[in-house]
Structure formats: C-alpha cells, structure tokens
Amino acid sequence: MNIEIKVNEPLSVEQVATLYRETGFAKPIEDRIRIQKMIDQTPLVFSAWNGKNLLGFARCLTDFEYFCYLSDILILPLYQKQGVGKLLVHEIKEYLGSRITISLRAEDNALGFYKKMNFEQTDKMYRIK
C-alpha cells in the first residue's frame, strides 16, 4: 500500500465525520456546523491517503514553539495495525521538530500504540467537561 501524508489538506465534513463514525470515536458527528468549525479551527492536520482514499488523520493543537496537543488520531479500522498511525506520528514529530513536546490523552485500547511510539505515560492530566 502506498501511503501519502499530507499537511493541512482540505477535508470535507463528510470525510471527517466518516472517520469518527467508522472508528467509534465519541464526537457529535451529526452536527455538521460543529464539525466544520473543528476542521477550520485546527491549526495543524496530518492526513493519510492511499490515492484519493482518506485512511486516517491526526488533529494537532499547537503553538509551533513549545507544545503540541495531539487531539485526535483516527485510522479507518480496515487500515489499523498497518503502520498508518505510526507514520502519522512520525510525520508530526518530523514536522514540529525536537523543541516541541507532544502530549495527548489516550483511550485504554490505544495505550499500547502510544507506548510503542515512545510516549511517556503520565497521570497528571486534568479536564473540565
């Protein structure tokens, strides 16, 4: 499979909603206006393509100087465990460089992936819902 990673490639609401729906990721995908705003306001998006087929994407919230919060990384189930997520994380690290700390909050079923990618687990993350 030939995978191409694109940076800030325009994505449609339907493409993004399909990724969330197919992966079972909890987002209000029926709210098209909210999804469009999420797409428009994310400063850095890496998407993985096989030809014209979107395989997955990663949304990054960053100041491009000190930190990057890897908000979402989604890979269509058919393409999981084939190196697509690893390639996305690699490209994010290369793009941002070594000065920027990348952090995220992982679901239990993704902990193994992030450990393999050398993310350090921490218990100091908090949120207000």
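Could you tell me which of the residues Ile75, Ile35, Ile3 is closer than 21 Å to Ala106 by Cβ and either in contact (Cβ under 8 Å) with a residue 12 or more places away in the chain or touching a strand residue (DSSP E or B) at 6+ places or on another chain (Cβ under 7 Å) (or both)? Reasoning before the result, please.
Numbers: Ile35 fails: closer than 21 Å to Ala106 by Cβ; Ile3 fails: closer than 21 Å to Ala106 by Cβ.
Going through Ile75, Ile35, Ile3 in turn, just one is closer than 21 Å to Ala106 by Cβ and either in contact (Cβ under 8 Å) with a residue 12 or more places away in the chain or touching a strand residue (DSSP E or B) at 6+ places or on another chain (Cβ under 7 Å) (or both): Ile75.
Only residues that are modelled with pLDDT of 90 or more and part of a loop (DSSP other than H, G, I, E, B) were counted across the range 1-38, and they come to 7. Of the residues Ile29, Ile35, Ile92, the single one that is out of contact with any Ser or Thr (no Cβ under 8 Å at 6 or more places or on another chain), surrounded by fewer than 18 Cβ atoms within 10 Å (Cβ to Cβ) and within 25 Å of Arg127 (Cα to Cα) is Ile29. In the range 61-74, is there at least one residue being crowded, with 17+ Cβ neighbours inside 10 Å and among the acidic types (Asp, Glu)? Scanning the range 61-74 turns up at least one residue that is crowded, with 17+ Cβ neighbours inside 10 Å and among the acidic types (Asp, Glu).
Filter the range 51-68 down to the residues that are free of Cβ contacts under 8 Å to residues at least 24 places away in the same chain and under 14 Å from Glu4 (Cα atoms) and list them by number. Break it down into steps so the answer makes sense when it comes.
Taking the range 51-68 as the starting set, the residues that turn out to be free of Cβ contacts under 8 Å to residues at least 24 places away in the same chain are 52-53, 59, 61, 63.
Listed by number, the residues that qualify are Lys52, Asn53.
Which of the residues spanning the range 79-105 are of a type in the set (S, T, N, Q) and within 16 Å of Met1 (Cβ to Cβ)? Hits for the range 79-105 are Gln80, Gln82.
For the range 86-129, which positions are part of a helix (DSSP H, G or I) and either in contact (Cβ under 8 Å) with a residue 40 or more places away in the chain or under 16 Å from Arg59 (Cβ atoms) (or both)? Write out each step before concluding.
Our first condition is that a residue be part of a helix (DSSP H, G or I); within the range 86-129, this holds for 86-96, 108-116.
Within the range 86-129, Leu87, Leu88, Val89, Glu91, Ile92, Lys93, Tyr95, Leu96, Ala110, Tyr114 meet the criteria.
A count restricted to the range 40-79 and to residues that are of a type in the set (Asp, Glu) and assigned to a strand (DSSP E or B) stands at 1.
The values are calculated or read from the model by the stated rules, or taken from the named source; none is laboratory data. In this text the structure is predicted, and so the values were computed from the model without any measurement. Glycine also receives a Cβ, built like all others from the backbone with ideal geometry; neighbour counts cover every protein chain displayed.
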